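Down below is the structure, laid out as structure tokens.
Please treat every number below as a calculation from the coordinates, not as lab data. Everything numeric here is computed off the predicted structure, so don't read it as measured data. Here the Cβ positions follow ideal geometry from the backbone for every residue, glycine too, while neighbour counts run over all protein chains shown.
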Amino acid sequence: MKQRSLVHYGAVAQAFHWVTAILVLVAYIYGLGGSEERVYSAARDFDRQLHETLGMCVFALVVMRVLWRMFDTQPDPPQVPRWMGVAAKTVQWALYVLLFAVPLTAIAGAWLEGHPLTLLAGIEIPPLLGLSHDTGATIATLHTWLGDAILWLAGFHAVAALYHHIVLKDGVLASMLPCGFGLRQPDNDGLPR
């Protein structure tokens, strides 16, 4: 009897993927942007605390996700042209780099500007870096650019998943949805089950 290859990511990998995506989106929505005076104004305390808390949660999730990936089994990639496989790996790695870089630039920028991380429930993490306001402001600007970049790249990633589902019909999207989320997964021979 022919052994069937794995066609879905496990529940833990799926949870990491979707919770991270939701947290990144909500953190982006609550991102303050603008001048330092605007970001750190008392009127924006809640939004900043929520944004920074979500960013720290994203960072923690990505660390756990990378550790989980080291031990978890993954579905076989679909048979696609070489360029498409290279593009998929490049986007995947770029997303991981951004998922680390965005929170780390936020932390470095805030601390170098002399601001603590201000999390929900009144938790403050004081600056652990020496004051270098100009460098902090530059890194804070980089954080904003990287935050925009991660949303654009994640959007491209989502469009590619839809292309795989609608045009290629190869089950890539279904592999990351719980129990396929009702989507039909093609068999190894490309025919829907």
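For Cα pairs less than 8 Å apart in space and 6+ apart in sequence, what is the mean separation divided by the residue count of the chain, i.e. the relative contact order in percent? Present the calculation step by step, with values, prior to reporting the outcome.
Details: 213 pairs, mean separation 44.1, N = 193.
It rounds to 23 percent for the chain.
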Rg from C-alpha atoms of the chain, normalised by the globular rule of thumb 2.2 N^0.38 Å, equals 1.22
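Nearest 0.05, what FRET efficiency do GLU36 and LEU129 give at R0 = 22 Å with Cβ-Cβ as r? Can you show the working numbers first?
Details: r = 16 Å, r/R0 = 0.73.
Once rounded, the FRET efficiency stands at 0.85.
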So the angle from the long Cα axis of helix 11-29 to the longest Cα principal axis of the chain, reported in degrees to the nearest 10, equals 40
Among GLU36, GLU113, GLU52, whose mean-square fluctuation peaks in a Gaussian network model of the chain (Cα, cutoff 10 Å)? GLU36
What is the list of residues in region 99-131 whose amide nitrogen lies under 18 Å from a point 7 angstrom out from the Cα of VAL26, following Cα to Cβ? 103, 118-123
Estimated distance in nm for a label pair at VAL80 and THR141, the labels positioned 7 Å out from Cα along Cα-to-Cβ: 3.6
Would you mind checking the tilt of helix 133-163 against the longest principal axis of the Cα atoms of the chain, expressed as 0 to 90 degrees and rounded to 10? 20
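Calculate the FRET efficiency for VAL63 and ALA43 from the Cβ-Cβ distance with a Förster distance of 35 Å, rounded to the nearest 0.05.
Details: r = 33 Å, r/R0 = 0.94.
After rounding to 0.05, the efficiency reads 0.60.
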